[in-house]
Every structure is written in structure tokens, then in C-alpha cells.
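Written below as C-alpha cells is the structure these notes are about.
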Amino acid sequence: MGMDEVEVRRSRRRRRTVSAYREDGRTVVLIPARFSAAEERQWVATMVGRLEAGDRRRSPSDEQLTRRAAELAQRYLGGLAKPTSITWVGNQNSRWGSCTPADGSIRISSRLKGMPSWVLDYVILHELAHLLQPGHGREFWSMLKAYPRTDRARGYLEGVAAAAGLALDAEDDVETDVS
């Protein structure tokens, strides 16, 4: 990701811990006041690296989405769901994902980037299940019950939608093209 600006904040009260976070487009690194310039450089590099690693984990590439979808399909759907493609898209403002069973394509809203991996896994699994069951009937939901965080992920997404003022219905949180 490579942040352009790093702000180091020294604290006399901070003794043994170093932390970092993102704020207004910059990285803020909190260190003890007693650190030397060399220690500061080392810890800034370490903490920026950790933040970037977390960003990569929370925002996988399309290729990583494809691998994750294959793992989820194998684990929870017996390997039966085989998408032809799975990609991030930026044009889904009222859906978390969509699936076209006719051609096997899955699209995941870029709004999920940065959300917990178990939430992204739920949305991927939800779309994979649509490859096998186009609608939201009993058979569809019984497939998703195998995923232990289904209810938690749905609640998380409902909370995000409510906080953002999105009009997402619990049953209409995805689009399914059955043509």
C-alpha cells in the first residue's frame, strides 16, 4: 500500500509498547519517548509493514478470491460449486455480491474490502451457493448452515448497512441472475 506520510508520536508515558494505525491518509506510529533515532526507524518500518500485511489480508486480489472460493466450496459445499470467475466490482452499492449461475460468474462488492475475513467468506459462500440454488429457498439456506458464522456475518452486514443508511433487505442482499 505504501503510505506517503508517517507521523511518529513519542510518549513519556509509553514504556514498552509500540502501536500504529491509519488516520486521515497517513500512518501514525506511537513509540516510547526514550527510543533512539535508530530504534524509531526500525519500529516505523516494522509497524508500516504490519499494517500493509493486514491490508493485503483484508483486501485480497481477484486471484486470491478465486483460491478462497475454491477452498470454501470444497469445505462447505462438497466442491460442487465451481465459479468460472470471481472478481471485485465497484458498482454494487446496494448489494454485497452477485452471481450469474448461467455463466458461473461471481462479483463481490469492493465495499467488503477491509471487513473481517469471516464476513467476506460468508459473502463468497453465499454466492457460491447460488451456483447450486439460484433462489433464497429452504435448500439454499440449508447449504449455508454448514458455515458456522452465517448468522454472525449476516448480522455484521446488516449493522454496516444500517450505519451507512443503506436500504438492504435481509433476503435481497444479493442479486442472482438466473437467465
_Could you sort the peptides 75-83, 35-43 by per-residue average Cβ neighbour count (10 Å cutoff), highest mean leading?_
75-83, 35-43
*How many nm separate the modelled label positions at A37 and R75, each set 7 Å beyond the Cα in the direction of the Cβ?*
4.8
*So what's the chain giving for Rg/Rh, alpha carbon basis, Kirkwood Rh from the mean inverse pair distance?*
1.11
*In a Gaussian network model over the chain where Cα atoms closer than 10 Å are linked, find which of T17, T87, T150 has the largest mean-square fluctuation.*
T17
*Roughly how tilted is helix 37-58, in degrees to the nearest 10 and between 0 and 90, from the longest Cα axis of the chain?*
10
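Averaged per residue, what accessible surface does the stretch 2-95 expose to a 1.4 Å probe, in Å²?
On the way: 6150 Å² over 94 residues.
I get 65 Å² per residue for the stretch 2-95.
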*asked:* Quick check: pseudo-label points 7 Å beyond the Cα along Cα→Cβ at K82 and S94, how many nm apart are they?
replied: 3.5
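Can you compute the equivalent ellipsoid semi-axes for the stretch 86-157, i.e. the square root of 5 times each eigenvalue of the Cα gyration tensor, sorted largest first and rounded to whole Å? Walk me through the intermediate numbers first.
On the way: eigenvalues 65, 55, 16 Å².
Each semi-axis is the square root of five times an eigenvalue, giving 18, 17, 9 Å.
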*Give me the distance in nm between label points sitting 7 Å out from Cα along the Cα-to-Cβ direction at D151 and R138, one decimal.*
2.0
*Which residue, chosen from L65, N93, H126, occupies the Cα position most advanced towards the positive end of the dipole of the chain, where the dipole is computed from +1 (Lys, Arg) and -1 (Asp, Glu) charges on Cβ about the Cα centre?*
L65
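Hey, any idea what % of the chain's accessible area is carbon plus sulfur with a 1.4 Å probe? Intermediate values should be presented prior to the final figure.
Values: 4820 of 10070 Å².
Roughly 48 percent of what the probe reaches on the chain is carbon or sulfur.
The values are calculated or read from the model by the stated rules, or taken from the named source; none is laboratory data. Predicted, not measured: the structure shown is a model, and the values here were computed from it. Cβ atoms come from the backbone with ideal geometry, glycine included; neighbour counts cover every protein chain shown. These accessible areas exclude ligands, DNA and RNA; they are computed on the full protein's heavy atoms, side chains included. Shrake-Rupley method; radii C 1.70, N 1.55, O 1.52, S 1.80 Å.
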